[in-house]
């Protein structure tokens with residue numbers, strides 16, 4: 001599995017010291033990308049990534065992902081270019097159509113239907129890229145272009161990713177049809193294969209990375225036991241069968257088995273980038289060490 005990247009998506013810290021320790025631990029464990037989401041109640045993404053870039057000189061710095069409805073092209077181009085300059089060319093712009101209606105309402109921002117959010121996403125991609133490519137733009141980003149990730153799981157938003165992104169982020173979650181906004185389930189293996197095939201078709205041979213966002217990583221336990229515990233914690237929204245089937249959860253008896261699973265997922269889905277959330281920092285770190293040890297042998 002040559003060239004696979006590993007990323008960690010930070011959720012929250014309680015102090016400067018905790019944040020510094022988190023960044024350094026991610027670096028020590030061998031992560032390649034330090035990422036920040038865009039949620040009210042969490043860290044401000046550009047502030048967090050700029051701070052991370054001052055602590056680590058190696059980690060790439062990715063927004064994962066910005067809600068398109070929170071931004072406009074001029075301000076976003078300014079902020080991502082600033083991050084790229086201050087990190088000496090390590091910024092990556094991750095964008096998404098947005099999926100938390102409650103946060104838009106809290107911020108007193110419009111919540112649009114999905115087709116309108118997807119159109120806004122593509123417009124943002126095109127306008128930010130145009131601004132950053134302009135020689136007159138200040139600050140001038142180091143990278144030309146700044147790598148773009150589009151994170152999605154719906155076919156319309158993945159279509160934007162297929163046509164424009166250097167990294168297609170397969171988020172793994174989708175709304176349960178007919179359920180209240182913010183109610184999610186994980187995509188099955190079959191659904192994922194369909195979406196991957198459609199992205200490949202629309203990309204038309206254009207090269208890109210495929211990132212899988214692992215919602216949970218549990219190593220060192222029987223996968224069925226771990227799935228049962230996660231299903232119970234989900235309050236009935238997820239079943240054991242779903243958790244054992246989906247490629248967006250990594251449950252393994254040991255790190256070697258986890259590496260084998262990731263290799264199979266790259267063969268089947270093309271996943272050559274793996275990201276997880278902060279609570280899974282240590283277990284995925286164990287998998288990174290095992291992956292790189294087997295790759296070097």
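Starting from residues that are in contact (Cβ under 8 Å) with a residue 60 or more places away in the chain and under 24 Å from residue 84 (Cβ atoms), keep the ones in region 12-33 and report whichever is surrounded by the fewest Cβ atoms within 10 Å (Cβ to Cβ).
By that ranking, first place goes to 30.
Taking residue 206 as the residue in question, decide whether it is farther than 24 Å from residue 31 by Cα, over 18 Å from the mean Cα position of the chain (by Cα) and surrounded by fewer than 15 Cβ atoms within 10 Å (Cβ to Cβ).
Taking the combined requirement at face value, the residue satisfies it.
Here is a list of conditions, (1) under 20 Å from the mean Cα position of the chain (by Cα); (2) surrounded by fewer than 17 Cβ atoms within 10 Å (Cβ to Cβ); (3) under 24 Å from residue 19 (Cα atoms), and residue 289 meets all of them except one; can you say which number that is?
Among (1) under 20 Å from the mean Cα position of the chain (by Cα); (2) surrounded by fewer than 17 Cβ atoms within 10 Å (Cβ to Cβ); (3) under 24 Å from residue 19 (Cα atoms), residue 289 violates only (1).
Go through region 13-124 and tell me which helices (runs of 4 or more DSSP H), entirely inside it, have 1 or more residues that are on the phi < 0 side of the Ramachandran plot and in contact with a strand residue (DSSP E or B) (Cβ under 6 Å, 6 or more places away or on another chain). It would help to see each step written out before you state the result.
Values: elements: 16-28, 45-55, 73-86, 101-106.
Helices (runs of 4 or more DSSP H) meeting the threshold: 16-28, 45-55, 73-86.
May I ask you to say which residue of 230, 244, 251 is touching a helix residue (DSSP H, G or I) at 6+ places or on another chain (Cβ under 6 Å), free of Cβ contacts under 8 Å to residues at least 40 places away in the same chain and part of a strand (DSSP E or B)? Write out each step before concluding.
Working: 230 fails: part of a strand (DSSP E or B); 244 fails: part of a strand (DSSP E or B).
Only one candidate qualifies: 251.
Let me confirm something: among 212, 218, which residue is assigned to a strand (DSSP E or B) and closer than 28 Å to residue 148 by Cβ? Even if it seems obvious, please write down each step before you answer.
Values: 218 fails: closer than 28 Å to residue 148 by Cβ.
Sole residue among the options that is assigned to a strand (DSSP E or B) and closer than 28 Å to residue 148 by Cβ: 212.
Every residue in region 34-62 that is buried (at least 24 other Cβ atoms within 10 Å of the Cβ) and in contact (Cβ under 8 Å) with a residue 60 or more places away in the chain, please.
Hits for region 34-62 are 35, 62.
I'm trying to understand the selection: among the residues of region 172-194, which are modelled with pLDDT of 95 or more and surrounded by fewer than 21 Cβ atoms within 10 Å (Cβ to Cβ)?
Those that are modelled with pLDDT of 95 or more and surrounded by fewer than 21 Cβ atoms within 10 Å (Cβ to Cβ): 188, 189, 190, 191, 193, 194.
Suppose we filter 116, 133 for residues that are without any contact (Cβ under 8 Å) to a residue 40 or more places away in the chain, closer than 24 Å to residue 49 by Cβ and loosely packed, with under 14 Cβ neighbours inside 10 Å; which single one remains? Outline the logic, then answer.
Values: 116 fails: closer than 24 Å to residue 49 by Cβ.
Step by step, each of 116, 133 is checked, and only 133 is without any contact (Cβ under 8 Å) to a residue 40 or more places away in the chain, closer than 24 Å to residue 49 by Cβ and loosely packed, with under 14 Cβ neighbours inside 10 Å.
So for region 185-206 (the condition being in contact with a strand residue (DSSP E or B) (Cβ under 8 Å, 6 or more places away or on another chain), over 18 Å from residue 244 (Cβ atoms) and in a loop (DSSP other than H, G, I, E, B)), does at least one residue qualify?
No, region 185-206 has no match at all.
Across region 136-171, what is the number of residues that are assigned to a loop (DSSP other than H, G, I, E, B), in contact with a helix residue (DSSP H, G or I) (Cβ under 8 Å, 6 or more places away or on another chain) and either within 14 Å of residue 99 (Cα to Cα) or modelled with pLDDT under 95 (or both)?
2
The values are calculated or read from the model by the stated rules, or taken from the named source; none is laboratory data. Since the structure is predicted, the reported quantities are computational estimates derived from the model, not experimental observations. FYI the Cβ positions are ideal-geometry reconstructions off the backbone, even for glycines, and counts take in every protein chain you see.
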